[in-house]
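Visitor: Handing you this structure, nothing more for now.
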Amino acid sequence: MKKFLSFVLVLCLVILALPAMADVAEDVAAGEAMTHDELVEKALAESGTFVVYGNTSRIATAAEAFAALYGITTESNNLKDQEIYTKLRSETGNGAADMVMIQDGAQLTDAIDEGLVINFVPSAVKDKLDAADQQPALVHQYINKLFIYNNLGDAVPAIRNVWELTDPAMKGNVIFKNPESEKVNMNFLVMCTKDEWADKLAQAYKDWKGEDIDLGEYKNAGYKWVAEFLDNVTFGKSDTTIAEEVSQETAAGKIGLFVLSKLRSSSVLTDNLTVAQYDANEKAYTLAPFAGFMYPMYTMVNTKATRPYTGMLFIEYLMTQEGFQPWGKSIGAYSPNAEIAVNEGDLSIDVWKNTLVMEDAEYILENFEVEDFILQHCQK
């Protein structure tokens, strides 16, 4: 009964919001045909505070620069993914976000289907982006989480095969943020069960052990690797604290799977860390079958926006060299805009896409039951 009442309440809110949603959809359709100057004119004609939600601390830096450039009063909010999705569903009227920067493609697909957000691709940058980065949601950046290990002592886990992380000798030395608390981590593990990656993991096991994998109770090699990997993992509180922990002089033998950009932090002892994929490139060997995973960060217009054209102008700004600067000034964030180069010393986005597990929202949505299997192995 409670679920039914909740459904009715949500349905009523959606019905009440339909006129505004239709107006914003019309604005976005018009905005996609506009030049930069036309978009600026429409944005400056809007009134009220421009409100932004993002699940990255650097959204504030970008919003401040945008506000100064156009003289627009702006409010930025750094929130967790689930907080943003909750607000998109619950907020109405003034004060709601005009645009959002958000990750987790599976949940975003649901939000698009529910009519919570609308995709906007600026005409000024459209021809600089691959078609796959424009639909069903505009990709602002790709972010990678990589196997990064402590390079001190005699027990350096300089892995060449991810099955090495399932060895009993590694128990407690592998550190990862709990997938129950960060959806992109969950999505990565779900992706490992897809036939494409399961087949690669089966081959990697044979390369490691010299014999075919015995699946036992598991559906495929992906399920087996996920289960045995998680059995060895110690869960860290955040990617920052994981990077800090693995980099300590007392952390010899430890390896983390965390965001590459955390190496920019002054609290991380980067000299004590080696990025497994960098090492593989330098020494000309391959990490089998992946060196971590990569996922997109998206920008979307809120269907409840009171300043939709300002939201569109900000999205256009974020896709430029200037707007990408808060992320592009350090490693670990990769713009799909072909004109924005990666940082010196980093690998190209094409290399990362070929060496990392990429998020597939459709597979994740169709195989949501895999999460239950993963959660069983998270409960230690």
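The values are calculated or read from the model by the stated rules, or taken from the named source; none is laboratory data. Model, not experiment: these values are computed from the prediction. For neighbour counting, all protein chains shown are included, and Cβ atoms are generated from backbone atoms with ideal geometry for every residue, glycine included.
Visitor: Looking at (1) under 22 Å from the mean Cα position of the chain (by Cα); (2) free of Cβ contacts under 8 Å to residues at least 24 places away in the same chain; (3) closer than 30 Å to residue 27 by Cα, which one does residue 125 not meet, given that it meets all the others?
Guide: Residue 125 satisfies all of (1) under 22 Å from the mean Cα position of the chain (by Cα); (2) free of Cβ contacts under 8 Å to residues at least 24 places away in the same chain; (3) closer than 30 Å to residue 27 by Cα except (2).
Visitor: Provide a single number: the residues in region 205-220 that are farther than 12 Å from residue 289 by Cα and free of Cβ contacts under 8 Å to residues at least 24 places away in the same chain.
Guide: The initial filter retains those residues of region 205-220 that are farther than 12 Å from residue 289 by Cα, namely 209-220.
Still in the running and free of Cβ contacts under 8 Å to residues at least 24 places away in the same chain: 210-218.
Summing the residues that are farther than 12 Å from residue 289 by Cα and free of Cβ contacts under 8 Å to residues at least 24 places away in the same chain in region 205-220 gives 9.
Visitor: Select from region 306-355 the residues that are over 21 Å from residue 287 (Cα atoms), touching a residue at least 24 places away in the same chain (Cβ under 8 Å) and of a type in the set (D, E, K, R) and list them in ascending order.
Guide: Within region 306-355, 307, 316, 322, 339 qualify.
Visitor: Cβ-Cβ under 6 Å, sequence separation 6+ or interchain: first residue in region 142-159 and over 11 Å from residue 274 (Cα atoms), partner surrounded by 15 or more Cβ atoms within 10 Å (Cβ to Cβ) and of a type in the set (Val, Ile, Thr). Which pairs?
Guide: 145/259
Visitor: Within the set of pairs 6+ apart or on separate chains, which have a first residue in region 251-273 that is within 17 Å of residue 327 (Cα to Cα), a second that is among the small types (Gly, Ala, Ser) and in a helix (DSSP H, G or I), and C-beta atoms under 6 Å apart?
Guide: Final answer for the pair search is 258/243; 262/243.
Visitor: Among 345, 323, which is under 27 Å from residue 98 (Cβ atoms) and assigned by TED's automatic domain parsing to the domain that holds residue 31? Before you say what the answer is, go through the steps one by one.
Guide: Details: 345 fails: under 27 Å from residue 98 (Cβ atoms).
The conditions single out 323.
Visitor: Kindly provide the set of residues from region 234-257 that are among the aliphatic types (A, V, I, L, M) and surrounded by 23 or more Cβ atoms within 10 Å (Cβ to Cβ), ordered by number. Steps first, answer last, please.
Guide: Let us first name the residues in region 234-257 that are among the aliphatic types (A, V, I, L, M), namely 242-243, 246, 251-252, 255, 257.
Listed by number, the residues that qualify are 242, 243, 246, 255, 257.
Visitor: Next question. Which of the residues spanning region 1-46 are more than 22 Å from residue 88 (Cβ to Cβ), assigned to a loop (DSSP other than H, G, I, E, B) and at pLDDT 95 or above?
Guide: Answer for region 1-46, where residues must be more than 22 Å from residue 88 (Cβ to Cβ), assigned to a loop (DSSP other than H, G, I, E, B) and at pLDDT 95 or above: 33, 34, 35, 45.
Visitor: Now for a separate question. Counting only residues that are surrounded by 16 or more Cβ atoms within 10 Å (Cβ to Cβ), farther than 18 Å from residue 182 by Cβ and of a type in the set (Val, Ile, Thr), how many does region 333-380 have?
Guide: 4
Visitor: Can you list the helices (runs of 4 or more DSSP H) found entirely within region 55-158 that contain at least 3 residues being surrounded by fewer than 15 Cβ atoms within 10 Å (Cβ to Cβ)? It would help to see each step written out before you state the result.
Guide: On the way: elements: 59-70, 81-90, 105-113.
Once the helices (runs of 4 or more DSSP H) in region 55-158 are filtered for at least 3 residues that are surrounded by fewer than 15 Cβ atoms within 10 Å (Cβ to Cβ), what remains is 59-70, 81-90.
Visitor: Would you pick out the residues in region 262-278 that are at pLDDT 95 or above, out of contact with any helix residue (DSSP H, G or I) (no Cβ under 7 Å at 6 or more places or on another chain) and of a type outside the set (Val, Ile, Thr)?
Guide: Once the filter is applied, which keeps residues that are at pLDDT 95 or above, out of contact with any helix residue (DSSP H, G or I) (no Cβ under 7 Å at 6 or more places or on another chain) and of a type outside the set (Val, Ile, Thr), region 262-278 yields 269, 271, 276, 278.
Visitor: Residues to consider are 243, 227, 202; find the one that is among the hydrophobic types (A, V, I, L, M, F, W, C), at pLDDT 95 or above and over 23 Å from residue 289 (Cβ atoms).
Guide: Values: 227 fails: over 23 Å from residue 289 (Cβ atoms); 202 fails: over 23 Å from residue 289 (Cβ atoms).
After ruling out the rest, the residue left standing is 243.
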